[in-house]
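J.: Pasting a structure below so you can have a look.
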Amino acid sequence: MTVPSPSPLAYVPFVSVQNMMRLVHSIGIEAFIQELAGYIEEDFRRWSEFDKTPRVASHSRDGVIELMPTADAENYGFKYVNGHPKNMREGYQTVTAFGVLSSVANGYPILLSEMTVLTALRTAATSALMATYLAPEGSRVMAMIGNGAQCEFQALAFRALLGINTLRLYDLDPEATGKARRNLEGQGFEVVTCASGEEAVEGAQIITTCTADKQYATILTDNMVGSGVHINAIGGDCPGKTELHRDILLRSDIFVEYPEQTRIEGEIQQLDPDHPVTELWRVLRGEAQGRVDTRQVTLFDSVGFAIEDFSALRYVHARVRGTPYAEPLDMLADPDDPRDLFGMLERARG
């Protein structure tokens, strides 16, 4: 018996890690980040069109596994992502991810993609995009406390969108700082390695904190944050994991993606449930102000939200169309008669 070949409707475009990297380099990393930031901004400006819910998290003593879904009238998207701080000691990545974009009209997936690399890019794009509204005008120096996997992506995004060219690096692990320095000097940055967090923030207009330990921590103390600084806090992203001293929060203007999620996972889990925050979509739509004066301390309490992943999948879907960077994956059963799934199975006997 001849086994029937899959029909065209059985195939879903799949972007592997290798092809994602090839796509990024074909565009250019900073150009990719700039274009991705444009998609994120476009989607945040149509915030009301999306279904929104905090991510669905399964916590264990070792880490967390999360699903991050959202949809508009045309597409549904979700990301599967983990966060396991101990992984690096065992030879695994701390964070891995993949995602799916589907048609709302028929429920068929239209893209399956790796999202480990893509999440690093979208996180950096989101941070830098928000900083264009929140950072001091003319910022050129950024402190990077936590020099792990996200460090270089953040630096490239802040250069692409804000012109940052000097980085002051600190990590508890000198090998992480050495890795970051080699990579970033190779990208043309002026890099200063520092012996402490206090030294790293000297002269910086922007402070990025990005550490991985799943615990309450004080990466920034109140005395380290002067007036006029923008804080890009991206490490606190689950219950029980923070990086900033509470006193910093009390004197900052705080900007968040989705309060219902950030109050559970972000720095503001340390504050009263009704502590005032500004939703970033309102700033991007011009309904709320970002930075208003030179002495203001602004804080982006970043935890990552599903719409950012939706934007990233939408961008990649548009970018891979007609290129060799997506391969067809036989993923969907498509019998000749939609009612005869069993018949299709029987005809597959070799």
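Here, each number is a calculation from the coordinates, and none is a lab measurement. Given the structure is predicted, the values throughout are model-derived calculations rather than measurements. All Cβ positions, glycine included, derive from the backbone under ideal geometry; neighbour counts span all protein chains shown.
J.: Once the other residues with Cβ under 14 Å from the Cβ of residue 5 are scored (Lys, Arg +1; Asp, Glu -1), what is the net sum?
T.: -2
J.: Among 334-345, 151-162, 7-18, 87-98, how do they line up by average Cβ neighbours within 10 Å per residue, starting with the highest?
T.: In descending order of packing, they fall as 151-162, 7-18, 87-98, 334-345.
J.: Related question: Provide the percentage of antiparallel DSSP beta bridges, counting only those with both residues in region 123-304; round to the nearest 5.
T.: 5 percent
J.: Report, in whole Å, the centroid distance computed from the Cα atoms of region 132-203 and region 46-101.
T.: Cα centres, region 132-203 to region 46-101: 26 Å.
J.: Output the relative contact order of region 99-167, whole-number percent, from Cα pairs under 8 angstrom with separation of 6+ residues.
T.: For region 99-167, the relative contact order is 30 percent.
J.: Looking at the chain, do any whole DSSP H helices span at least 24 angstrom along their long axis by alpha carbon and average -0.5 or above on Kyte-Doolittle, and which?
T.: Span-like helices in the chain: 116-134.
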